[in-house]
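The values are calculated or read from the model by the stated rules, or taken from the named source; none is laboratory data. Fair warning: this is a prediction, and the values are worked out from it, not measured in the lab. Positions of Cβ are generated from backbone atoms using ideal geometry, with glycine treated the same way; all protein chains shown enter the neighbour counts.
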Amino acid sequence: MRLLHTSDWHLGRSFHREDLLGAQARFVDFLVETVRAERVDAVLVSGDVYDRALPSVDAVALCNDALRRLAGTRVRVVLTSGNHDSARRLGFGADLIDAAGIHLRTDPASLGDPVLLPDPAGGEVAVHALPYLEPDAVRGELGCERSHRAVLAAAMARVRADRALRRGVRSVVMAHAFVTGGEPSDSERDISVGGVGSVPASTFAGLDYAALGHLHGAQRVAEGVHYSGSPIAYSFSEEHHRKAVLLVDLPAAGGPAVVEHLPTPVDRPLARVTGTLDDLLTGDRWAGYEGHHLQVTLTDPVRPREPMERLRSRFPHVLVLGFAPEGGGEGHPGSYARRLHGRSDLEVTADFVTHVRSEPDPAESTLITEAFEAVRLAEASA
């Protein structure tokens, strides 16, 4: 059985106001061509198909085009909702679309009901497609505590109960979560509940393959547990990512899955560069960056006049400009992004309250946490 694992398309997303729909359309072309060329049996899309719960008309049209063309290749497609998607909207018409070989799994009520794929070598492969499980939205139905670890453990208990009834059938699980050991980037939305957002890789132990979504870098976090990553870069923190889809072979005789990274097309590479304006405009060492999307940090002791216009005379695709004068201390505005790097939304908000007034007391901290989680729950139920 040959699977193609992908996730985090984020259709409709922009990159520092640059429209990415054209690049996303070229990824769809690549995906369809790869399915044909590699003789893929099934495509697994592990959540965050869209970038927001109410996607644009153009984003919906591109998703429709992708699924129509994949269906035309006769490949089976299993697609789940992520934390950016509206599960109800993405799952519209799922029962009808099943007949076309496109399996939309967005309803937690179907957690124990796998998609059964016929194996060309004989038998079946059971794909347990778990949508993103927002703890506040599903803990009542799953009868568990309020945490990502608890709801995924409860979901996996249903998966294992079904698996016990299918002896000799290989099992694949799809999930959209932050698994401990994964390396995040700046472009994923924080999904922590009560300050905790991760689940252990052991949650998926014993399965033939776990196809994960949410983190945007392609990576292996444990034996048989992989993130495909996003097919396109969505933040400058991903400048060194090698974007890919994963070609997964499940051997007919059993044994571990064989995983191959297939690089996706790169419309325009990313880079972060630092230097004085004069050096950047005249230095030969920067010539290789003239076609890149750039995040530039200027180190001139005095802020130059019209720096963006002057930079774009050589680097027409500069998107972000910052200042960090040489010798500047931590209090300089250029250090602000560094102070925020790797911090959660809750931590940033608490820092802001501390800066403008004083450190929030326990009651205020609880109120801030409840406000963030109310927004996340509203998005999950949209």
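Computed values, structure above
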| quantity | calculated |
| --- | --- |
| Residue in segment 293-306 that is assigned to a loop (DSSP other than H, G, I, E, B), within 34 Å of the chain's Cα centre (by Cα), at pLDDT 95 or above and surrounded by 11 or more Cβ atoms within 10 Å (Cβ to Cβ) present | yes |
| Tally, over segment 247-258, of residues that are assigned to a strand (DSSP E or B) and touching a residue at least 60 places away in the same chain (Cβ under 8 Å) | 3 |
| Residues (of a type in the set (Phe, Trp, Tyr) and either crowded, with 24+ Cβ neighbours inside 10 Å or free of Cβ contacts under 8 Å to residues at least 40 places away in the same chain (or both)) located in segment 1-26 | Trp9 |
| Residue within segment 341-349 that is modelled with pLDDT under 95, within 30 Å of Arg139 (Cα to Cα) and aliphatic (A, V, I, L, M) present | yes |
| Pairs, first of a type in the set (Ser, Thr, Tyr) in segment 109-134, second modelled with pLDDT of 95 or more, C-beta under 7 Å, six or more apart | Tyr132/Gly47; Tyr132/Ser81; Tyr132/Gly82; Tyr132/Asn83; Tyr132/His176 |
| Of all residues making up segment 150-177, the number that are over 22 Å from Gly47 (Cα atoms), hydrophobic (A, V, I, L, M, F, W, C) and either outside any loop (DSSP other than H, G, I, E, B) or touching a strand residue (DSSP E or B) at 6+ places or on another chain (Cβ under 7 Å) (or both) | 3 |
| Flag for Val258 being more than 19 Å from the chain's Cα centre (by Cα) and over 27 Å from Ala154 (Cα atoms) | yes |
| Any chance Asp95 is in contact (Cβ under 8 Å) with a residue 60 or more places away in the chain and either assigned by TED's automatic domain parsing to the domain that holds Arg158 or exposed (fewer than 14 other Cβ atoms within 10 Å of the Cβ) (or both) | no |
| Boolean, Gly82 is at pLDDT 95 or above and either surrounded by fewer than 21 Cβ atoms within 10 Å (Cβ to Cβ) or not assigned by TED's automatic domain parsing to the domain that holds Leu20 (or both) | no |
| Residue check, Asp278 outside the structural domain of Ser237 (by TED's automatic domain parsing), of a type in the set (D, E, K, R), modelled with pLDDT of 95 or more and more than 28 Å from Ser185 (Cβ to Cβ) | yes |
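Residues are listed down the side, and each one gets a yes or a no for (1) within 19 Å of the chain's Cα centre (by Cα); (2) assigned to a strand (DSSP E or B); (3) over 20 Å from Leu133 (Cβ atoms):
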{"residue": "Gly229", "(1), (2), (3)": "yes, no, yes"}
{"residue": "His241", "(1), (2), (3)": "yes, no, yes"}
{"residue": "Val245", "(1), (2), (3)": "yes, yes, yes"}
{"residue": "Asp278", "(1), (2), (3)": "no, no, yes"}
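Every residue, every condition in (1) crowded, with 21+ Cβ neighbours inside 10 Å; (2) not basic (Lys, Arg), yes or no:
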{"site": "Ser56", "(1), (2)": "no, yes"}
{"site": "Arg69", "(1), (2)": "no, no"}
{"site": "Leu90", "(1), (2)": "yes, yes"}
{"site": "Ala129", "(1), (2)": "yes, yes"}
{"site": "Leu142", "(1), (2)": "no, yes"}
{"site": "Arg146", "(1), (2)": "no, no"}
{"site": "Ala153", "(1), (2)": "no, yes"}
{"site": "Ala157", "(1), (2)": "no, yes"}
